[in-house]
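Worksheet: the structure to be examined is printed underneath.
The values are calculated or read from the model by the stated rules, or taken from the named source; none is laboratory data. If you're wondering where the values come from, they're calculated on a predicted model, not measured in any experiment. Cβ: placed from backbone, ideal geometry, glycine included. Neighbour counts: every protein chain shown.
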Amino acid sequence: MLAFTLRRAIQAVGVMIAVGIIAFSMFRFAGDPVNQMVSIDTSGAERAAIRQSLGLDDPVIVQFGRYVANAAQFKFGISYQFRLPVTNLLMERMPATLELAICATIFAMVGGILMGVYSALRRDSLLAHAFQAVSLIGISLPTFLIGILLIYLFSVTLGWLPSFGRGEVVRIGWWTTGLLTLSGLKALIMPSITLGLFQLTLIMRLVRAEMLEVMRTDYIRFARARGLTTRAIHFGHALRNTLIPVITVAGLQFGSVIAFAIITETVFQWPGMGLLFVQAVQNVDIPIMAAYLMMVSLIFVTINLVVDILYTIVDPRLRSTVSRAH
Amino acid sequence: MTETVLSVRNLQVEFASRRGTLRAIDGVSFDIAKGEVLGVVGESGAGKSVTGLSVIGLIDPPGGISGGEIHLAGTRIDNLPPEEMRRVRGKRIGMIFQDPLTSLNPLYKIGDQIVETIRTHLNLSEQAARRRAIDLLAEVGIPAPEKRIDGYPHEFSGGMRQRVVIALAICAEPELIIADEPTTALDVSVQAQIISLIKRLGRDHGTAVMLVTHDMGVIAETSDRVAVMYAGRVAEIGPVQDVVKNPLHPYAKGLMGAIPTLAGEDKRLVQIPGSMPRLSAIPRGCSFNPRCAFAFDRCRVDRPEPLVQGAQSVACHLYDSVPAESAA
């Protein structure tokens, strides 16, 4: 078990180094950063001095080593546009994105599992067909369109919910939360739905398909032959077996939720990392872009690792093969 | 011994399909007495498993019982509401399926699955149910049951898993056990152990056993009586020695002729020509007539009803005292 975890952790470090190479090479392909910092009338000598002070004269490999060493300590340099350390900028924005992503995922998981189980067990009911139809919309409509439609309905027409921003936030240490104020919670509703809708439909379809599959297995037939109650069969036996792939997908999707937050954050002007990234792209602010890439990859890799470990907890078969194999 | 546990009368099972209704079971009748083992043999698709599933009420839509009656110890069970039928399953009828590797939920300890079943049917505390589960595991021959009870299904071999499945089937002291090909998925050496276990349990508890298999060897070894099924009907039923040594129905004769023996090594095995008809194309009259060497005109028109011949009962016109000419 420990060896397995360790092995996965080493693999994760390998992935992060590969991402580091890509992030680092962004600096080299996006032109001379010194040109971005100085004005037109800066002399060549001054430019050389800046270049030297930034270490841009060193061999590529030395620069890369320095970049990775700094990145490992969460130092990503200074933003070109804000003239502030990138790490501070990202940390300031991260709570907003994480709160949004977590709320969206909870919404997607709870809704998706409930709807999926219902439409698997009551396959021919009207509501199950309605869920299927809604899920088709959720899968095929682009995120930004759903966001704009929601704003049009609930902000512009009905005036119930704010159309942009996070509302009032409360500061707890370095973390800012919108979960403790009414305006913060209201502001969270539409972005969460927008961001989570795609995942919700995905999870719902997955749960439905898996559940139907599991209901056909021999152990469910045997459970029925043992005279267990329908409730015990559906929720004790079938659902637990269904949840294994669902955990994987939902876990892996959490990374994409954070990545997709870019669009939702733009639509709702949500002050998170995604919005920061979009602004950075517009202004060719490479340190922010590179740092964002590293952060999102780190989140992805961490989630993958956690999902792998969770897997072994849920499925006893993996536990023993894992310990036997190592 | 004469107390009847299961009585099936004129059972009909139909499956609705796009091309009309298919009759999988057509007029099957048999009884099983207390402590008796009834073997049910036949080719794949003869309706053996469907018969077993309809007794325990697990025929899934689009299939369903369309006629006949099933009585368990005097009570009619084929028309019970689903919730009452659920209480019969596992409590009064235990079932053993073919593949022990897939019969157990892989995510639960076997002890939890046994305790769950015991507590569904018997009013026992968690600890009492666990003690009973350990006793059951010991009874079905699992070594160190107090340790193995906390094992997961994948930690058991196929034969051991089938023992666990049997423990689950008998955990509420059922009056009837339906074993649907219980040894087909197992090694030959393990098969014998499982068969003798089922036989011993039936004897010790006075349980009636319906043993569905296509293995005549298993039947000869275990059963008191045997029913030979063909195309959804019982061709012949009777005491196992009689049917094996002196089969009456031409199909049963063919089936017994196809059993290899070590003694008659030089003899070629007898084959039954052709194959069983599909459900959608069952011939008129006797369903066996196109493959039967003794078929005459009446067999192609008239469906044979079971005729008593000593201890045996056979559905074949050859044994009808009414001459074929007069019937035609």
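If I filter segment A:288-305 for residues that are without any contact (Cβ under 8 Å) to a residue 24 or more places away in the chain and not assigned by TED's automatic domain parsing to the domain that holds A:PHE29, do I get at least one hit?
Scanning segment A:288-305, I find no residue that is without any contact (Cβ under 8 Å) to a residue 24 or more places away in the chain and not assigned by TED's automatic domain parsing to the domain that holds A:PHE29, so the answer is no.
So which of A:ARG171, A:ARG166 ends up being loosely packed, with under 14 Cβ neighbours inside 10 Å and outside any helix (DSSP H, G or I)? Spell out the reasoning first.
Details: A:ARG166 fails: loosely packed, with under 14 Cβ neighbours inside 10 Å.
Sole residue among the options that is loosely packed, with under 14 Cβ neighbours inside 10 Å and outside any helix (DSSP H, G or I): A:ARG171.
Going by the structure shown, is A:SER125 surrounded by 21 or more Cβ atoms within 10 Å (Cβ to Cβ), among the polar types (S, T, N, Q) and over 17 Å from A:GLY178 (Cα atoms)? Don't jump to the end; show me each part of the working.
Working: surrounded by 21 or more Cβ atoms within 10 Å (Cβ to Cβ): no; among the polar types (S, T, N, Q): yes; over 17 Å from A:GLY178 (Cα atoms): yes.
Here the answer is no, as A:SER125 does not meet what is asked.
Quick one: is A:ILE146 in contact with a Ser or Thr (Cβ under 9 Å, 6 or more places away or on another chain), modelled with pLDDT of 85 or more and not aromatic (Phe, Trp, Tyr)? Step through it out loud before you land on a result.
Numbers: in contact with a Ser or Thr (Cβ under 9 Å, 6 or more places away or on another chain): yes; modelled with pLDDT of 85 or more: yes; not aromatic (Phe, Trp, Tyr): yes.
Criteria met by A:ILE146.
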Counted residues, segment B:160-190 - those being crowded, with 20+ Cβ neighbours inside 10 Å, more than 16 Å from the chain's Cα centre (by Cα) and away from chain A (no Cβ under 13 Å)
3
Condition set of a type in the set (Ser, Thr, Tyr) and either surrounded by 18 or more Cβ atoms within 10 Å (Cβ to Cβ) or farther than 20 Å from B:GLY158 by Cβ (or both), scope segment B:191-220, selection modelled with the lowest pLDDT: answer is B:THR213
In segment B:180-213, how many residues are in a helix (DSSP H, G or I) and not basic (Lys, Arg)?
15
Subset of segment B:85-115 [acidic (Asp, Glu) and more than 7 Å from chain A (Cβ to nearest Cβ)]:
B:ASP112
Which pairs turn up if I take residues in segment B:266-286 that are β-branched (Val, Ile, Thr) and look for partners that are part of a loop (DSSP other than H, G, I, E, B) and at pLDDT 80 or above with beta carbon separation below 8 Å, at least 6 apart in sequence or on another chain?
B:ILE282/B:ALA231; B:ILE282/B:GLY232
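Just give me the residues in segment B:66-81 being over 23 Å from B:ALA33 (Cα atoms) and touching a strand residue (DSSP E or B) at 6+ places or on another chain (Cβ under 8 Å), in sequence order.
Here is the first cut: in segment B:66-81, the residues over 23 Å from B:ALA33 (Cα atoms) are B:66, B:81.
Within segment B:66-81, just B:SER66 meets the criteria.
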Candidates A:THR176, A:THR181 - the one that is among the hydroxyl-bearing types (Ser, Thr, Tyr), surrounded by fewer than 18 Cβ atoms within 10 Å (Cβ to Cβ), touching a strand residue (DSSP E or B) at 6+ places or on another chain (Cβ under 9 Å) and modelled with pLDDT under 90:
A:THR181
For segment B:163-197, which positions are more than 18 Å from B:LEU101 (Cβ to Cβ) and of a type in the set (Val, Ile, Thr)?
B:ILE170, B:ILE177, B:ILE178, B:ILE195
Is segment A:195-215 home to any residue that is within 14 Å of another protein chain (Cβ to nearest Cβ) and either among the β-branched types (Val, Ile, Thr) or under 30 Å from A:ASN88 (Cα atoms) (or both)?
yes
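Each row is one residue, and each column tells you yes or no for (1) modelled with pLDDT of 90 or more; (2) assigned by TED's automatic domain parsing to the domain that holds A:GLU210.
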site: A:ALA72; (1), (2): no, no
site: A:GLN81; (1), (2): no, no
site: A:GLU92; (1), (2): no, yes
site: A:GLY111; (1), (2): yes, yes
site: A:ASP124; (1), (2): no, yes
site: A:GLN132; (1), (2): no, yes
site: A:PRO142; (1), (2): no, yes
site: A:LEU153; (1), (2): no, yes
site: A:ARG171; (1), (2): no, yes
Among the residues of segment A:312-326, are any at pLDDT 85 or above and β-branched (Val, Ile, Thr)?
no
Counting only residues that are within 24 Å of B:GLY63 (Cα to Cα) and of a type in the set (Gly, Ala, Ser), which one in segment B:276-305 is surrounded by the fewest Cβ atoms within 10 Å (Cβ to Cβ)?
B:ALA281
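Is it the case that some residue within segment A:92-99 is polar (S, T, N, Q), part of a helix (DSSP H, G or I), out of contact with any His (no Cβ under 6 Å at 6 or more places or on another chain) and in contact (Cβ under 8 Å) with a residue 24 or more places away in the chain? Working first, answer last.
Filtering segment A:92-99 for residues polar (S, T, N, Q) gives A:97.
Retained after the next criterion (residues that are part of a helix (DSSP H, G or I)): A:97.
Filter once more, so that each one left must be out of contact with any His (no Cβ under 6 Å at 6 or more places or on another chain): A:97.
Then keep just the ones that are in contact (Cβ under 8 Å) with a residue 24 or more places away in the chain; that gives A:97.
Checked segment A:92-99: at least one residue is polar (S, T, N, Q), part of a helix (DSSP H, G or I), out of contact with any His (no Cβ under 6 Å at 6 or more places or on another chain) and in contact (Cβ under 8 Å) with a residue 24 or more places away in the chain.
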Test each condition in (1) in a helix (DSSP H, G or I); (2) surrounded by fewer than 18 Cβ atoms within 10 Å (Cβ to Cβ) for A:VAL117 and report the one that comes out false.
(2)
Determine which single condition A:THR264 fails, assuming it passes every other condition in (1) surrounded by fewer than 20 Cβ atoms within 10 Å (Cβ to Cβ); (2) closer than 30 Å to A:GLU168 by Cβ; (3) of a type in the set (S, T, N, Q).
(1)
Which numbered condition A:PHE254 fails, given (1) within 14 Å of chain B (Cβ to nearest Cβ); (2) of a type in the set (Phe, Trp, Tyr); (3) within 16 Å of A:ILE113 (Cα to Cα):
(1)
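Report yes if A:ALA45 is among the hydrophobic types (A, V, I, L, M, F, W, C), more than 22 Å from the chain's Cα centre (by Cα) and at pLDDT below 80, otherwise no.
For A:ALA45, the condition - among the hydrophobic types (A, V, I, L, M, F, W, C), more than 22 Å from the chain's Cα centre (by Cα) and at pLDDT below 80 - is not met.
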Do we have any residue at all in segment A:278-285 that's touching a Leu at 6+ places or on another chain (Cβ under 6 Å), buried (at least 23 other Cβ atoms within 10 Å of the Cβ), part of a helix (DSSP H, G or I) and not β-branched (Val, Ile, Thr)?
no
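Could you list all residues from segment B:131-157 that are more than 14 Å from chain A (Cβ to nearest Cβ) and within 14 Å of B:LEU104 (Cβ to Cβ)? First the steps, then the outcome.
First, the residues of segment B:131-157 that are more than 14 Å from chain A (Cβ to nearest Cβ): B:131-132, B:134-135, B:137-149, B:157.
B:LEU137, B:VAL140, B:ILE142, B:ARG148, B:ILE149, B:SER157 - these are the residues of segment B:131-157 that are more than 14 Å from chain A (Cβ to nearest Cβ) and within 14 Å of B:LEU104 (Cβ to Cβ).
Can you find, within segment B:50-84, the residue that is nearest to the other protein chains (Cβ to nearest Cβ) among those that are of a type in the set (Ser, Thr, Tyr) and surrounded by 20 or more Cβ atoms within 10 Å (Cβ to Cβ)? Explain how you work it out, then say what you get.
Kept after step one, since they are of a type in the set (Ser, Thr, Tyr), are these residues of segment B:50-84: B:51, B:54, B:66, B:75.
From what's left, surrounded by 20 or more Cβ atoms within 10 Å (Cβ to Cβ): B:51, B:54.
Values: B:THR51: 15, B:SER54: 13 Å.
Top of the filtered list is B:SER54.
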